[in-house]
Amino acid sequence: MDHFNDQDTLWLFGYGSLIYKADFPYLEKRPASIKNWARRFWQGSHDHRGTPENPGRVVTLIQESEMICHGMAYRITPDELRHLDYREKNGYLRCVTEIAFEGGDSLEGLIYIADHDNAAFLGELPEEAIARQISRASGPSGSNTDYVIELANALRSMNKIDDHVFLIEKYLLE
Ligand code: SIN
């Protein structure tokens with residue numbers, strides 16, 4: 001929690017809604033990636049894109065050797081972390097990882113990650129079953145389907161491919 005306390009600014013890597021919904025002030029943003037992490041719709045959402053009775057699914061990161069997860073990095077001041085901790089409160093924890101920017105440089109930054117032992121974690125399912133669950137869920141932040149479509153569109157606009165995300169989107173559109 002206090003890893004970046006001695007820094008005036010830090011880099012946050014967003015790989016889900018933080019790519020397309022940056023509702024916090026930032027000083028700079030840059031396309032980036034993290035290595036050995038796979039983006040997966042394995043985290044339940046009871047408070048944003050679903051309800052306790054009918055949870056949706058949102059992305060988290062799963063450690064997977066050699067996998068590259070593309071996203072957007074933001075340079076923020078530590079003051080923003082209070083808002084971000086609240087936004088990511090349903091099972092996500094701060095984690096420090098190496099962020100590689102497009103262009104070649106890299107540094108240590110922050111990700112929010114929901115791991116398998118948080119209460120809202122739902123885990124692996126085939127993409128078609130994930131899409132079926134998502135198609136039926138919505139919550140205070142909107143429909144779960146919109147979360148997938150907005151994420152897929154954001155990745156496309158950055159010229160990035162994510163087979164897991166795009167397959168779920170395909171089933172939803174069908
Ligand atoms: C992120 O976008 O980096 C975390 C997951 C989310 O808020 O959708």
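Answer yes or no: is there a residue in segment 156-172 that is over 16 Å from Phe41 (Cβ atoms) and within 15 Å of the ligand (Cβ to nearest atom).
Among the residues of segment 156-172, at least one is over 16 Å from Phe41 (Cβ atoms) and within 15 Å of the ligand (Cβ to nearest atom), which makes the answer yes.
Report every pair of residues separated by at least 6 positions or lying on different chains whose Cβ atoms are under 8 Å apart, first residue within segment 100-112 and surrounded by fewer than 12 Cβ atoms within 10 Å (Cβ to Cβ), second in a strand (DSSP E or B).
As it stands, the answer is Gly103/Arg30, since those pairs meet every condition given.
Can you tell me which of Glu128, Glu124 is in a helix (DSSP H, G or I), under 26 Å from His46 (Cα atoms) and not basic (Lys, Arg)? I'd like the intermediate steps shown before the answer.
Working: Glu124 fails: in a helix (DSSP H, G or I).
Sole residue among the options that is in a helix (DSSP H, G or I), under 26 Å from His46 (Cα atoms) and not basic (Lys, Arg): Glu128.
Can you name the condition, by its number, that Phe121 falls short on among (1) surrounded by fewer than 20 Cβ atoms within 10 Å (Cβ to Cβ); (2) under 16 Å from Tyr20 (Cα atoms); (3) not hydroxyl-bearing (Ser, Thr, Tyr)?
With respect to (1) surrounded by fewer than 20 Cβ atoms within 10 Å (Cβ to Cβ); (2) under 16 Å from Tyr20 (Cα atoms); (3) not hydroxyl-bearing (Ser, Thr, Tyr), Phe121 is out only on (2).
Could you list, in sequence order, all residues of segment 139-160 that are of a type in the set (Gly, Ala, Ser) and either out of contact with any Ser or Thr (no Cβ under 6 Å at 6 or more places or on another chain) or surrounded by fewer than 16 Cβ atoms within 10 Å (Cβ to Cβ) (or both)? Break it down into steps so the answer makes sense when it comes.
Applying the first criterion (of a type in the set (Gly, Ala, Ser)) to segment 139-160 yields 139, 141-143, 152, 154, 157.
Ser141, Gly142, Ser143, Ala152, Ala154, Ser157, listed by residue number.
Within segment 1-117, which strands (runs of 3 or more DSSP E) (wholly inside it) include 3 or more residues that are near the ligand (Cβ under 10 Å from one of its atoms)? Lay out the reasoning, then the answer.
Details: elements: 10-14, 28-45, 56-76, 93-101, 106-113.
Once the strands (runs of 3 or more DSSP E) in segment 1-117 are filtered for at least 3 residues that are near the ligand (Cβ under 10 Å from one of its atoms), what remains is 10-14, 28-45, 56-76, 106-113.
Being out of contact with any Pro (no Cβ under 6 Å at 6 or more places or on another chain) and at pLDDT below 95 narrows it down to one residue among Gly103, Gly142; which is it? I'd like the intermediate steps shown before the answer.
Working: Gly142 fails: at pLDDT below 95.
Exactly one residue qualifies, and that residue is Gly103.
Just one of the numbered conditions (1) surrounded by 14 or more Cβ atoms within 10 Å (Cβ to Cβ); (2) touching an Asp or Glu at 6+ places or on another chain (Cβ under 8 Å) is not true of Leu81; which one?
Here Leu81 meets the rest and fails (2).
The values are calculated or read from the model by the stated rules, or taken from the named source; none is laboratory data. Please read all numbers here as calculations on a predicted model, not as lab measurements. Reconstructed Cβ throughout: ideal geometry from the backbone, glycine too, with neighbour counts over all protein chains shown.
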